[in-house]
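The values are calculated or read from the model by the stated rules, or taken from the named source; none is laboratory data. Note that the structure is predicted; figures quoted are calculated from it, not measured. Glycine also receives a Cβ, built like all others from the backbone with ideal geometry; neighbour counts cover every protein chain displayed.
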Amino acid sequence: MIHVLVGPTLSASEPVLAAPGVRVLPPARHGDLFDTAIGGGDTVVLVDGVYHQASALRHKEILAVMGRGVGVIGAASIGALRAAELAPYGMLGVGSIYSAYASGEIDGDDEVAVGQAPDREFGALTWPLVNLRHVLRLARSAGILDAARASGLLEALRAVYYPQRTWAAVRAVCRRRDETGFVGWLAEQREQDRHFGDLKRADALAAVTAALDGAAAPDRAVVEPPVWETAYFRRWSNAFASTCVEGLELSTEHRLVYQQVFDPAFRERWSAYLERLSRHPADGGPGLVLAERLAQVTGGDLPADRVFHPTVDLRDERAVALLLDGESPQDRQAVARYADAIARARRSRPGFSAAAVREEVTRELLLRVWRCPEQEFDAEASARGLTSGARAVSAAKSLVPGFVEETKRTEAARGGR
């Protein structure tokens, strides 16, 4: 399978995108390469990505997907820039724009940046500098401009902020510099060929064609985990881990937090998880009964959960199965409802995130559910694998909107009887 992440650079109607085995995805953003549909032996063609209106795709996400045996090609836009940066690790760059980045001829993100339409069509609303450079070179070859005038025009166009570099802005800049002949020539070329000078499009088409021809075979390079397996990457992989269960697409992290908060038996489950880790360390070290390991570290005067605070790797299916062993179908439905509550809050209050939930409200929820006195709050949180009261509050904030909604509905129903 070939997964093409593209937006303004190529129209969805391009015939090459309809080829068998090609899956077209929107411009790449942080987390997109955790998609479980991207498997070993596949190829990713990275063309477009977001970075202004959403979190950009990280380099280590690309390295990680290559480490899973996926070939990655970059071209035309952010893909060309990332390919130039990650070529030593096996990412394949295609096209003139990639070559310009790799040689140092260009080096800024703004060279390929464009304003995008605010709908799902992702159409380009502005001209990128790389296309303007190309058009100015063509104008010089045609005798329309000399080197000095072309250079002056490029600098004047570079000074226009990229979301404002529309065709109208390009014409206005040229007319201010008394380059009406160039404007007329360019308009005529565009009437004859609406893709005239579109270097990004040409490079993107070349990249998809290269993928179809098998140019990015996954065995070009396998990036070893030490290059990309960092604490940040593990945090990202946990945040984007999800599973489709009984027709529900659920965040694995949300499922775990729900159990940590609401399952009365989770304390025992966390103890079992710590025992498993002690007997089968992730680093391959010698296994020990948890009590023996604890005695070596503290003399045995503290509970294990107060000493060991491992981060759960949600890619570890055995660990997840153990920690979610007490999950019921009703729990999963509640997780889905709580996720919907967060989504509704975001739609009704632009900019809202779970982090905005008040800490005192979340703390009160946890104390109420756990039925523990204030002075035992930290100990209860630790026993449930949440490390401390403060971290428990941070993790549980995503549950609060849904919990509050359900509490209000329950109270209203009782009041109506």
Of (1) over 15 Å from the mean Cα position of the chain (by Cα); (2) buried (at least 16 other Cβ atoms within 10 Å of the Cβ); (3) over 23 Å from Arg201 (Cβ atoms), Leu92 fails just (3)
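Matching residues to (1) surrounded by 13 or more Cβ atoms within 10 Å (Cβ to Cβ); (2) in the same structural domain as Phe266 (by TED's automatic domain parsing); (3) within 26 Å of the chain's Cα centre (by Cα):
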residue	(1), (2), (3)
Glu317	no, yes, yes
Ala334	yes, yes, yes
Arg347	no, yes, yes
Val361	yes, yes, no
Trp370	yes, yes, no
Ala379	yes, yes, no
Arg384	yes, yes, no
Ala396	yes, yes, yes
Thr410	no, yes, no
Of all residues in the stretch 37-59, how many are surrounded by fewer than 19 Cβ atoms within 10 Å (Cβ to Cβ) and under 13 Å from the mean Cα position of the chain (by Cα)?
7
For Ala265, the lone unmet condition from (1) touching a residue at least 60 places away in the same chain (Cβ under 8 Å); (2) loosely packed, with under 14 Cβ neighbours inside 10 Å; (3) closer than 25 Å to Trp236 by Cα; (4) not hydroxyl-bearing (Ser, Thr, Tyr) is (3)
Taking the stretch 46-69, which residues are touching a helix residue (DSSP H, G or I) at 6+ places or on another chain (Cβ under 9 Å), hydrophobic (A, V, I, L, M, F, W, C) and modelled with pLDDT under 90?
Val50, Ala56
Quick one: what pairs do we get from the stretch 70-91, first residue in contact (Cβ under 8 Å) with a residue 24 or more places away in the chain, second of a type in the set (Lys, Arg), C-beta under 7 Å, 6+ apart or different chains?
Gly71/Arg220; Gly74/Arg82; Ala76/Lys200; Ser77/Lys200; Gly90/Arg220; Met91/Arg82
Being under 24 Å from Leu250 (Cα atoms) and of a type in the set (S, T, N, Q) is the filter here; which residues of the stretch 30-67 pass it?
Thr36, Ser55
Just checking, which of Arg363, Arg368 is over 23 Å from Phe34 (Cα atoms), among the basic types (Lys, Arg) and touching a residue at least 12 places away in the same chain (Cβ under 8 Å)?
Arg363
Spot the failing condition for Phe377; the list is (1) under 21 Å from Ala272 (Cα atoms); (2) among the hydrophobic types (A, V, I, L, M, F, W, C); (3) in contact with a Gly (Cβ under 6 Å, 6 or more places away or on another chain), and only one is missed.
(1)
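To keep it simple, each residue is scored yes or no on (1) charged (D, E, K, R); (2) over 39 Å from the mean Cα position of the chain (by Cα); (3) closer than 21 Å to Glu14 by Cβ; (4) in the same structural domain as Asp107 (by TED's automatic domain parsing).
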position	(1), (2), (3), (4)
Leu138	no, no, no, no
Leu145	no, yes, no, no
Arg158	yes, no, no, no
Tyr161	no, no, no, no
Thr166	no, no, no, no
Val173	no, no, no, no
Thr180	no, yes, no, no
Gln192	no, yes, yes, no
Ala207	no, no, yes, yes
Scan the helices (runs of 4 or more DSSP H) fully inside the stretch 45-140 and keep the ones with 1 or more residues being among the aliphatic types (A, V, I, L, M) and out of contact with any strand residue (DSSP E or B) (no Cβ under 8 Å at 6 or more places or on another chain).
59-67, 96-103
Being surrounded by 15 or more Cβ atoms within 10 Å (Cβ to Cβ) and not basic (Lys, Arg) is the filter here; which residues of the stretch 268-287 pass it?
Trp270, Ser271, Tyr273, Leu274, Glu275, Leu277, Ser278
